[in-house]
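All remarks here apply to the structure that follows.
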Amino acid sequence: MVTAAKKQASEERVEQGRQDLAEQIASAILVPVDVARRVLPENGLPVYLGIGALALVDLIDWPVAVAACLGYYVLKRSKPAEPSAISH
């Protein structure tokens, strides 16, 4: 019986360690997103015009411009996730 309790306690520690690691990784991944949300303008017009101008003069291809605009739109419209919601 003692070994089963020790094994269960060990498994619980491993699971808690995995959850802690997942939270740390999620926090590290979300740092650039949080910085971008603070730095980029609320009004997306300058960003969209800039990306459009880059595509117009062929510095970037139009699929890249569309992807950048969609990424900016999603970044500005999505709400930050709660750290506890990520691990569950």
Scanning region 67-82 for residues that are at pLDDT 90 or above and surrounded by 13 or more Cβ atoms within 10 Å (Cβ to Cβ) gives 67, 68, 69
Count of region 15-46 residues which are more than 20 Å from the chain's Cα centre (by Cα) and surrounded by 10 or more Cβ atoms within 10 Å (Cβ to Cβ): 4
Scanning region 24-67 for residues that are among the polar types (S, T, N, Q) and not in a helix (DSSP H, G or I) gives 43
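The values are calculated or read from the model by the stated rules, or taken from the named source; none is laboratory data. Fair warning: this is a prediction, and the values are worked out from it, not measured in the lab. Please note: Cβ atoms are built from the backbone with ideal geometry, for glycine as well, and neighbour counts cover all protein chains shown.
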